[in-house]
Amino acid sequence: MTGLTRMFCLAVLGMAMAARSVYAADIDPSAVDFKTPADIKWVRNAAGTNESAVLFGDPSKPGPYVVRLRWLPGNMSRPHFHPNDRFFVVLSGTWWMGTGEKFDPDSTVPVPAGSYVIHYAGKIHYDGAKNEEAVIQVWGMGPATSTPAESGDRSPLESFSPRT
């Protein structure tokens, strides 16, 4: 190996080591914060229809929040509305949505992964997953409450048998 080749190899090795040490550097959490998929803590709701993970804020309190929802197959909410606008991105699967006071899963429309959705304040809707899991991310201003809007005394979340 010539002296010039040796110097070149040492320079490349030095740059690689410097790049690695920069990559391994700690992030200042006051400037940037993140969660890897392994850091996300999922909690199943009492009805067993979905799981949620709070990523930012507290949706039960006033202020901004971000929540990831995993709708389990064959589960939909019943007609309801929220006091504030809510904003969504479908991350995976197909999310199904319907509007109005009558719960009719057959009339829901599919919303594929990558789609952006707004649920407007005070407008009645229902949503969920049919034959596959659907993961969505929602953000808005809390408190994030839900008011049932279907006649009768039913739970706002209910399982149904999807038709294939």
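Pull up the range 118-143, narrow it to residues that are in contact (Cβ under 8 Å) with a residue 60 or more places away in the chain and not in a strand (DSSP E or B), then point me to the one that is farthest from residue 56 (Cα to Cα).
Residue satisfying both the conditions and the ranking: 133.
State whether one or more residues within the range 110-130 are among the acidic types (Asp, Glu), at pLDDT below 95 and farther than 25 Å from residue 35 by Cα.
Checked against the condition, which is being among the acidic types (Asp, Glu), at pLDDT below 95 and farther than 25 Å from residue 35 by Cα, the range 110-130 yields no hits at all.
Those residues that are part of a loop (DSSP other than H, G, I, E, B) and over 17 Å from residue 75 (Cβ atoms), I need them from the range 93-102; list them, please.
Correct list: 100, 101, 102.
Of the conditions (1) of a type in the set (Phe, Trp, Tyr); (2) over 19 Å from residue 41 (Cα atoms); (3) under 12 Å from the mean Cα position of the chain (by Cα), residue 126 satisfies every one except a single condition; which number is it?
Of (1) of a type in the set (Phe, Trp, Tyr); (2) over 19 Å from residue 41 (Cα atoms); (3) under 12 Å from the mean Cα position of the chain (by Cα), only one is false for residue 126: (3).
Test residue 162 against the criterion of being at pLDDT below 95, over 27 Å from residue 36 (Cα atoms) and either among the hydrophobic types (A, V, I, L, M, F, W, C) or in contact with a Gly (Cβ under 8 Å, 6 or more places away or on another chain) (or both), and give yes or no.
yes
Looking at the range 124-149 only, could you name the residues that are buried (at least 16 other Cβ atoms within 10 Å of the Cβ), β-branched (Val, Ile, Thr) and under 20 Å from residue 66 (Cα atoms)?
Of everything in the range 124-149, those that are buried (at least 16 other Cβ atoms within 10 Å of the Cβ), β-branched (Val, Ile, Thr) and under 20 Å from residue 66 (Cα atoms) turn out to be 135, 136, 138.
Taking the criterion of being crowded, with 16+ Cβ neighbours inside 10 Å and part of a strand (DSSP E or B), would at least one residue in the range 103-117 satisfy it?
yes
Which one is surrounded by the most Cβ atoms within 10 Å (Cβ to Cβ), of the residues in the range 31-80 that are in contact with a strand residue (DSSP E or B) (Cβ under 8 Å, 6 or more places away or on another chain), in a loop (DSSP other than H, G, I, E, B) and polar (S, T, N, Q)?
49
Residue under question is residue 28, and the condition is that it be over 14 Å from the mean Cα position of the chain (by Cα) and free of Cβ contacts under 8 Å to residues at least 60 places away in the same chain; does it hold?
yes
Residues checked against (1) among the charged types (D, E, K, R); (2) at pLDDT 95 or above:
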site: 4; (1), (2): no, no
site: 10; (1), (2): no, no
site: 17; (1), (2): no, no
site: 35; (1), (2): yes, no
site: 55; (1), (2): no, yes
site: 58; (1), (2): yes, yes
site: 69; (1), (2): no, yes
site: 73; (1), (2): no, yes
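Yes or no: residue 22 at pLDDT below 95 and either exposed (fewer than 10 other Cβ atoms within 10 Å of the Cβ) or closer than 19 Å to residue 137 by Cα (or both)?
It is true that residue 22 is at pLDDT below 95 and either exposed (fewer than 10 other Cβ atoms within 10 Å of the Cβ) or closer than 19 Å to residue 137 by Cα (or both).
The values are calculated or read from the model by the stated rules, or taken from the named source; none is laboratory data. All of these numbers come straight from a predicted model, not from anything done at the bench. In this analysis, Cβ positions are derived from the backbone assuming ideal geometry, glycine residues included, and neighbour counts consider all displayed protein chains.
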